[in-house]
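The values are calculated or read from the model by the stated rules, or taken from the named source; none is laboratory data. Since the model is a prediction, treat every value here as computed from it, not as a measurement. Using ideal geometry, Cβ is built from the backbone for each residue, glycine included, and neighbour counts are taken over all protein chains shown. Accessible surface areas use protein heavy atoms only, side chains included; no ligands, DNA or RNA. Shrake-Rupley method; radii C 1.70, N 1.55, O 1.52, S 1.80 Å.
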Amino acid sequence: GAAEAPFLLTTGFDPHGFLEDVKAARDAVGEPAEADARHLEGIVSFAAIAGCLGHVLVFIGTAFPFGTLPALACLAGALGICAARSLRWTTIGHHVCHGGFDRLQQKHPGMLPTQYKRGVFATGARRFIDWLDWMLPDAWDVEHNKLHHYFLSEDKDPDLVERNFEMLRDMQLPVWLKYAAMLPWFATWKAGYYSPNTFKELELSREASMASRCWPQSHDRADPLTVIWLSMAPGICLSGGHVQDACFWLAFALQWLAMVMPMAFMMVAPGAAPLTLAALGMWPFELAWQRAAWKAAAVGVVADALTNIHTFVIIACNHSGGDMYRYSTSCKAYSAEWFLRCAYSSVNFETGNDLIDGVYGWLNYQIEHHMFPDMTPLQYRKLQPLIRSVCKKHGVQYVQQNAIYRCWKMLRVAVGDDSMKCCKTIIDPTLHEKPLTRQSNEVTDAAIGS
């Protein structure tokens, strides 16, 4: 990594003025209103239509012998399923689980269905209705909403790319081979890394859990947990004579498998339609139902791979690159230092309309989202130009670039071709500052994450 600087901004920077301007920008956006509710409902409807239409197209495409039109139907169907799953996570689940619509629910009861509220959406049995994915929503809440947001680019941040790929960075391999090793991550990262790692963070947050009580001393709790490690750990531990550790990893892997099985079935669910029709004696096509079922299940796997690729590109590069900073100290939430870290360690993509924002899953407002996690998508669109102006006024870094370019910069860090910048703090500690005072119903994340 790069050499650490003590701090970036010295006596020429006014933390009080910056803090007040950030607060003024937030206040200028106003509270969420009916337009935010209708906007969310529109996204929910679009995701439902895209998912249903996607499954129908996959069924049609796989019920006929291979050809141009069936292949195009399968591709369009896979893209529809991909769009639905990406939106349910990045736009719907993400903003609802951050509490983005909680104030709307409080001030305007009945404007939105009650499930669109933090602590209700996708919890318990609602996981199968609202947002079924490789990650358990409760686990994602711990890993993302708390650890990632309130320890951004610190060693406690579980999403710190440079730290998570230390092994690959340090390997004495040709650079082209390192880049090639990254390619499988694009198509498998949710099931292969994000799912077990978020599950690990959830279990470690529970004092009475097996993971919290029995975590092997040989494995750092902050290290990323992957499917590759889970599959190898019992054998490695047994070969070293660590029977207790081997039993732990086997039990943990079984716990995780039980959690992901519903999504594994959902991934190959397109193959269920031919099976069901055949069982009822209603299969009407010349193509054998067995072949159609296998083809449909395969397209389901392709759809999941496309979802992985799409979300990897719009998520993994949000906070990584040679121009992004990481920190050796923590800071108080909603202080000037904290808001500055949101800018110096986050990247925005293109912004401005539903098409662009929808393709990016509304993750193209990362700087504003990290400053104020509990806002609606439309509020971020209003806030973005205001925060950009504040940063320009105070000489604060504000990066806004294309996601493909940012993905390339992230890959350079992952393979060791580049390194993030390091500093202890952004503001000179001698510049005294006061944290931004927020309403009591807006500090839930900060209180838990601190």
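Working note: Karplus 6.51/-1.76/1.60 with θ = phi - 60° gives segment 11-28 the couplings 4, x, 9, 10, x, 5, x, 4, 4, 5, 5, 5, 4, 5, 5, 5, 5, 5 Hz, where Gly and Pro are set to x.
Summarise the accessible area of segment 350-424 (1.4 Å probe, protein heavy atoms) by the percent that is carbon and sulfur.
Numbers: 1550 of 2790 Å².
On segment 350-424, the fraction of accessible area on carbon and sulfur atoms equals 56 percent.
Springs between Cα atoms under 10 Å define the GNM used for the chain, and in it the highest mean-square fluctuation of Arg206, Arg341, Arg163 occurs at Arg206.
Grab the other residues whose beta carbon is less than 9 angstrom from that of Phe7, score K and R as +1, D and E as -1, and report the net. Show your work: numbers first, answer last.
Numbers: positive: Lys424; negative: Asp428.
Net local charge, Phe7 excluded: 0.
When the Cα gyration tensor is reduced to axis lengths a ≥ b ≥ c, the ratio a/c is 1.5 or higher for segment 114-196, and with a/b not above b/c it is classed as oblate.
Counting heavy atoms of the protein chains only and a 1.4 Å probe, report the per residue accessible area for the chain as a whole number of Å². Walk me through the numbers on the way to the answer.
Details: 19500 Å² over 450 residues.
So the chain comes to 43 Å² accessible per residue, rounded to a whole number.
Our coupling estimate for segment 317-330, obtained by passing each phi through the Karplus curve with A = 6.51, B = -1.76, C = 1.60 and θ = phi - 60°, is 9, 4, 9, 9, x, x, 9, 9, 10, 10, 10, 9, 10, 9 Hz, Gly and Pro reported as x.
Greater than 28 Å separation of Cα atoms is the criterion. Which listed pairs, Lys107/Lys382; Lys382/Lys421; Lys156/Lys393; Lys23/Lys107; Lys107/Lys392; Lys117/Lys382, meet it?
On the way: Lys107/Lys382 20 Å; Lys382/Lys421 30 Å; Lys156/Lys393 31 Å; Lys23/Lys107 21 Å; Lys107/Lys392 34 Å; Lys117/Lys382 22 Å.
Long pairs (Cα-Cα over 28 Å): Lys382/Lys421; Lys156/Lys393; Lys107/Lys392.
Taking amide H positions as modeled 1.01 Å from N, with prolines and chain starts lacking one, the residues under 5 Å from Arg326 and 5 or more places away or on another chain are Lys421, Cys422, Cys423. When both segment 367-424 and segment 178-197 are represented by their alpha-carbon centers, they are found 23 Å apart. For Lys190, go through the lysines and keep the ones whose alpha-carbon is under 18 Å away, minus same-chain ones fewer than eight residues off. Qualifying lysines at Cα under 18 Å: Lys200. Is segment 146-304 best put as rounded, prolate or oblate by its Cα gyration tensor, with a ≥ b ≥ c the root eigenvalues, rounded for a/c under 1.5, and otherwise prolate when a/b is larger than b/c, oblate when not? Prolate shape, in that a/c is at least 1.5 and a/b is the bigger ratio. Highest GNM mean-square fluctuation among His39, His242, His16, for the chain modelled with Cα contacts below 10 Å: His242. Near the amide H of Leu9, within less than 5 Å, lie the amide hydrogens of Ile427, Asp428, all on another chain or at least 5 residues away, with H placed in the peptide plane. GNM on the chain, alpha-carbon springs under 10 angstrom: the most fluctuating residue among Ala24, Ala297, Ala180 is Ala180.
Each residue of segment 347-360 is assigned a 3J(HN,Hα), and the resulting list reads 10, 8, 9, 4, 9, x, 8, 5, 5, 5, 5, x, 4, 8 Hz, derived from the Karplus form 6.51 cos²θ - 1.76 cosθ + 1.60 (θ = phi - 60°), x at Gly and Pro. Overall, the anisotropy analysis places segment 1-144 in the prolate class: the square-rooted eigenvalues a ≥ b ≥ c of its C-alpha gyration tensor yield a/c not less than 1.5, with a/b exceeding b/c.
Helix 68-87 and the longest principal axis of the C-alpha atoms of the chain enclose an angle of approximately 40°.
Computed from Cα atoms, the angle from the helix 403-415 axis to the main principal axis of the chain rounds to 80 degrees.
Each of the peptides 214-221, 419-426, 401-408 was scored by the mean count of other Cβ atoms within 10 Å over its residues; in descending order, highest first, they stand as 419-426, 401-408, 214-221.
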